[in-house]
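Written below as structure tokens is the structure these notes are about.
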Amino acid sequence: MDIIIQSLVAVYNPMTFLLVCVGMLFGMICGALPGLSTSMAIILLLPFTYSMDPIMAIILMVSCYVGGSCGGSISSILLKTPGTPEAVATTFDGYPMAQKGKAGEALGLAVTASSFGTIFSAFVMLLASPMLAQAALSFQSAEYFGLGLIGLSCITSLGAKNQTKAVVSVMIGLMIGTIGIDSINGVERFAFEQPSLLNGINYISVMIGAFAVAEVYKNIEEYRHVDTSLRSEHKVKIKLLKFSEMAKMWSSFIRGSVIGTIIGIIPAAGGSIASLIAYGSEAQNENANPKFGEGNPRGIIAPECSHNAAVGGSMVPTLTLGIPGSPVAAVIMAAFLIIGLTPGPMLLREQPIMLNAIFLALITAALLLFVGGRFVTSQFGHILKLPYPLLGSLIITLGLVGAYSLKNSFYDVLIMFVFGLVGYFFDKFKYSNAAVILGLILGEIIENSLRKQIIIGDGSGMGFVTRPVSVLVLTVAVLTFLWPMMSKKIKKNKLARQVSQ
Amino acid sequence: MAAEIVFNILIGLGVLFYLAQAIQLPATDNPADVLGAGGFPIIIGVIALIGLAMITIHTIKEKRKVDIPMLNLRSVDGRMVFINVLVLAAYVGLLDVIGFVLATLIYLVVAPLSMGYRKPAALAVFSGVTTAVMVVVFGILFYVPLPRGAELFRDLSYLIY
């Protein structure tokens, strides 16, 4: 009881509450701006934390993590330019919804889902941290391979119009992902002795090119023939979900949050993989109306719940084992060390109120997302009022800053430019840009875990079917791949039976 | 239809080149690494080729016409997109020479003009304000690296961000 009271006092004093607000808002702004990321936002806050009380410092960073994770969806929905890698899946349905004049609704869904996902994972973190962290350690290469395959199952929904083109697109993404040094045995692959290619092709610059730049080209062709005032609302204002609306889509909220929390707990997986897997699992429903990829609300809820649930999830192994659950959690872990705390089993003993304080900070930041979301969205809304020639040029410039700032490299800008053209033609010939990105993101985890497991098995792939967790994950992966085809066949048979009767 | 077939052939040639490179990748010393560095690329390359062949056959059968304005320079829309691709190429090329500030200033004037925007005063304000805001927010406030250009432009950029 003492610990709970101390935690409440630690979080709900004016100074700490202010830090939660500032951290959340700062994270949200950085998340919404392509070129700044959640990790960068936390790094920028780091110098301010040196002289702070450790708990206050961690609360500031965790709040920033929550805000950043949600902020990326704002530019995803409004500009088709994901502000953070986690927000890639939100563009699939968020942008089409905004195009239909429902930007406010899409943003409301994103904020509500982000908030729900954060709160869900905060409770899981509080109640089951040590146990879950141990379970996550049982994930090895075979299971990671299965996870990658579950993520790839998205293509069955992303390429609803032409499955073969979606498969080819995913293969192209996987092929691009193999460029650079092979991380298993250090062989240089497809780099043609170009130093800039040795580190591989960053998916953020590909994504900015294929999504944002290609979309600008497309809009240049169309904007003179379309009344743009009908496509985007004059004033973008978040429309929050009512409880009854939430209740109708409860399954998407829960599914997304569970997936996000689990993936967040698994070391080094992170929010971007979580959101893709959640989107994939959601988009299995073929009868959805509107279809996935055309502005389905569940296509926003699932990834948003998932990547924000990964925030709390990723704190579990970070706090209890000292193993970061995501790239951003790795930055937070570094911050722990800088301020003199060592994450791991001893931390919760030495700092008994830490876990409760982080839990309360997560909940508070999640609730404040509604306020921060309104503010940041209204500022972004002004940009949308620009005539398209100005808006299009601005999107390109923002994208360029985003690509360049990744590695301070001109080469990433070239990648963005090239994939702008590739994305344009892919769009015209009905290939799937989203599937290319999916392959590029998941390629590394799939290839490396496949080969690692075979190496562990001394050249045999039996490890995939002898490990119980692996069997479970692979079964889910195979089912998610086959389910759309199976459900089609079941429906066909049903229809045939009805006709014959 | 012809454009799509040409596009598929181009992708196919790219995949064949990728496969040729993958086959030449050195074998690993570790006998347990059955796939080696080239195994996975060969698998995905072959799947991509099979998929492409299926798509091309389907395209030939379907005979669907795809409108691609960028390839039709006789249309106003086509010219507009094509010019914008060139303007962006020039912007990207200039970044490393004259730096972010000047290149962005010029791009934000030229790109809207090439999209048919004809309000010079508004354009000048937009270009100046946007460039300034970007430099202040990204370059000064958040220390985000921005291209500096070469020689004199590089030296000058250090005075700003």
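Report, by residue number, each residue of the range A:37-72 that is more than 15 Å from the chain's Cα centre (by Cα) and assigned to a loop (DSSP other than H, G, I, E, B).
So the first thing to find is which residues in the range A:37-72 are more than 15 Å from the chain's Cα centre (by Cα), and the list is A:40-64.
Answer for the range A:37-72, where residues must be more than 15 Å from the chain's Cα centre (by Cα) and assigned to a loop (DSSP other than H, G, I, E, B): A:Y50, A:S51, A:M52, A:D53.
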- [ ] For the range B:2-51, enumerate the residues that are at the interface with chain A (Cβ under 9 Å from one of its Cβ atoms), under 24 Å from the mean Cα position of the chain (by Cα) and of a type in the set (G, A, S).
- [x] B:A3, B:G14, B:G45, B:A48
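Scan A:G420, A:G381, A:G459, A:G443 and give me the residue that is at the interface with chain B (Cβ under 8 Å from one of its Cβ atoms) and within 23 Å of the chain's Cα centre (by Cα).
Working: A:G381 fails: at the interface with chain B (Cβ under 8 Å from one of its Cβ atoms); A:G459 fails: within 23 Å of the chain's Cα centre (by Cα); A:G443 fails: at the interface with chain B (Cβ under 8 Å from one of its Cβ atoms).
None of the other options fit; the residue is A:G420.
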Open item on the list: Go through (1) on the phi > 0 side of the Ramachandran plot; (2) modelled with pLDDT of 90 or more for A:G35 and report which single condition fails.
Closed with: (2)
TODO: Would you check if B:Y143 is within 8 Å of chain A (Cβ to nearest Cβ), touching a helix residue (DSSP H, G or I) at 6+ places or on another chain (Cβ under 9 Å), surrounded by fewer than 15 Cβ atoms within 10 Å (Cβ to Cβ) and not β-branched (V, I, T)?
DONE: yes
Open item on the list: Against the conditions (1) on the phi > 0 side of the Ramachandran plot; (2) among the polar types (S, T, N, Q); (3) crowded, with 22+ Cβ neighbours inside 10 Å, where does A:Q453 fall short? Just the number, please.
Closed with: (1)
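This table checks each residue for (1) more than 20 Å from the chain's Cα centre (by Cα); (2) among the polar types (S, T, N, Q); (3) more than 9 Å from chain A (Cβ to nearest Cβ); (4) under 30 Å from A:N162 (Cα atoms).
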position: B:A53; (1), (2), (3), (4): yes, no, yes, yes
position: B:L86; (1), (2), (3), (4): no, no, yes, no
position: B:Y91; (1), (2), (3), (4): no, no, no, no
position: B:L105; (1), (2), (3), (4): yes, no, yes, no
position: B:L113; (1), (2), (3), (4): yes, no, no, no
Task: Residue under evaluation A:K430, criteria (1) of a type outside the set (S, T, Y); (2) in a helix (DSSP H, G or I); (3) in contact (Cβ under 8 Å) with a residue 12 or more places away in the chain, criterion not met - done: (2)
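Residues are listed down the side, and each one gets a yes or a no for (1) farther than 14 Å from A:L19 by Cβ; (2) not hydroxyl-bearing (S, T, Y):
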residue: A:S51; (1), (2): no, no
residue: A:Y65; (1), (2): no, no
residue: A:S73; (1), (2): yes, no
residue: A:P82; (1), (2): yes, yes
residue: A:D93; (1), (2): yes, yes
residue: A:A103; (1), (2): yes, yes
residue: A:A110; (1), (2): yes, yes
residue: A:A113; (1), (2): yes, yes
Open item on the list: As an exercise: evaluate A:L391 against (1) farther than 22 Å from A:C70 by Cα; (2) touching a residue at least 60 places away in the same chain (Cβ under 8 Å); (3) assigned to a helix (DSSP H, G or I); (4) not polar (S, T, N, Q) and give the number of the one condition it does not meet.
Closed with: (2)
TODO: Test each condition in (1) touching a Pro at 6+ places or on another chain (Cβ under 9 Å); (2) not assigned by TED's automatic domain parsing to the domain that holds B:P147 for B:L13 and report the one that comes out false.
DONE: (1)
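The values are calculated or read from the model by the stated rules, or taken from the named source; none is laboratory data. Values in this document were obtained by computation on a predicted structure and should not be read as measured data. Backbone-built Cβ (ideal geometry, glycine too); neighbour counts: all protein chains shown.
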